[in-house]
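The values are calculated or read from the model by the stated rules, or taken from the named source; none is laboratory data. Since the structure is predicted, the reported quantities are computational estimates derived from the model, not experimental observations. Neighbour counts run over all protein chains shown; Cβ positions are idealised from the backbone, glycine included. These area figures cover heavy atoms from the full protein model, side chains too; ligands, DNA and RNA do not enter into them. Shrake-Rupley method; radii C 1.70, N 1.55, O 1.52, S 1.80 Å.
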Amino acid sequence: MADDIRSCADLDERLAPYVDAEDAPAAHRAVDAHLAKCPPCRADVSAETAARDMVREHRDQLAARAPDALRARCVSGFRLPASSSRLPAAGSRPQTSGFRLRRWVPLSVAATLVLAVAGVFVLGLNDRVEALAASLAVDHVKCFKVNGTATHADAGTSERTWQQDQGWPIVVPQTEPSRQLELVNVRRCFTTDGRAAHMMYTWRGEPLSVYVLQGDAGRDRIVHKMGTQAIVWCANQRTYAVVAGDTGQDLASIVDYMKARVR
């Protein structure tokens, strides 16, 4: 059957419409059947659902308006000429010169956010630091949803593995019991197309992320976005961020600790 899922790879294109409840009943049942026997894919769905719910809950914070000049260029660039506004005659081939209609591939809310904030960060259309903070907030929630906090990682091993796999060095602050700081994992960040190192910790029993990106985002900031707080700073042609839940706890001490150690 066309709706059968024979491997986890078959789920990739079905994940977004499944999470957004936009797929056909038969396709939805096929995904349900696969998830019933595949814990890793269930974790992916759980993470995607958490990110979608997070985006929807905080969507007012994500509303951003491109500059008027850019909006005007976009409108003029996609306006059809008057001569092409009529429907083609029966049997004739559609006109394709100068303009091509494209069908957008459906994206989940979370995936749409990733594309939006990545575009803002790369192109600088709005506040790139706030865009980065929103992107990292989604990654922070998704990664802890998928991986949890039960695992433990060694800082030295993580540094060597990152250098070997990614080709550029990082310094990973080690577990520090006296500070209630535990290193959980080090991985590539989902929402920066793998361009950032994501160090996952628990601090005082709660998830805390430290990100390292190559390049300078422009300025140091404290950003409250989507139920998280992100402390962003730049040094040595890199951008760093500590991201944690916006629970009102003071992150100053742990940020100072990370600034003195992470590279």
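Against the condition surrounded by fewer than 15 Cβ atoms within 10 Å (Cβ to Cβ), in contact (Cβ under 8 Å) with a residue 24 or more places away in the chain and on the phi < 0 side of the Ramachandran plot, how does T151 come out, does it pass?
For T151, the condition - surrounded by fewer than 15 Cβ atoms within 10 Å (Cβ to Cβ), in contact (Cβ under 8 Å) with a residue 24 or more places away in the chain and on the phi < 0 side of the Ramachandran plot - is met.
Among the numbered criteria (1) at negative phi; (2) within 19 Å of the chain's Cα centre (by Cα); (3) small (G, A, S), which single criterion is violated by G227?
Here G227 meets the rest and fails (1).
For A16, are the conditions met, namely being open to solvent by less than 80 Å² (accessible area, probe 1.4 Å), within 30 Å of K142 (Cβ to Cβ) and at pLDDT below 65?
No: the conditions fail for A16.
Here are some residues: Q163, Q249. Which one is part of a helix (DSSP H, G or I) and among the polar types (S, T, N, Q)?
Q163
Among the residues of the stretch 182-193, are any open to solvent by less than 40 Å² (accessible area, probe 1.4 Å), of a type in the set (S, T, N, Q), touching a strand residue (DSSP E or B) at 6+ places or on another chain (Cβ under 7 Å) and modelled with pLDDT of 95 or more?
no
Filter the stretch 203-237 down to residues that are in a strand (DSSP E or B) and surrounded by fewer than 19 Cβ atoms within 10 Å (Cβ to Cβ), then give me how many there are.
8
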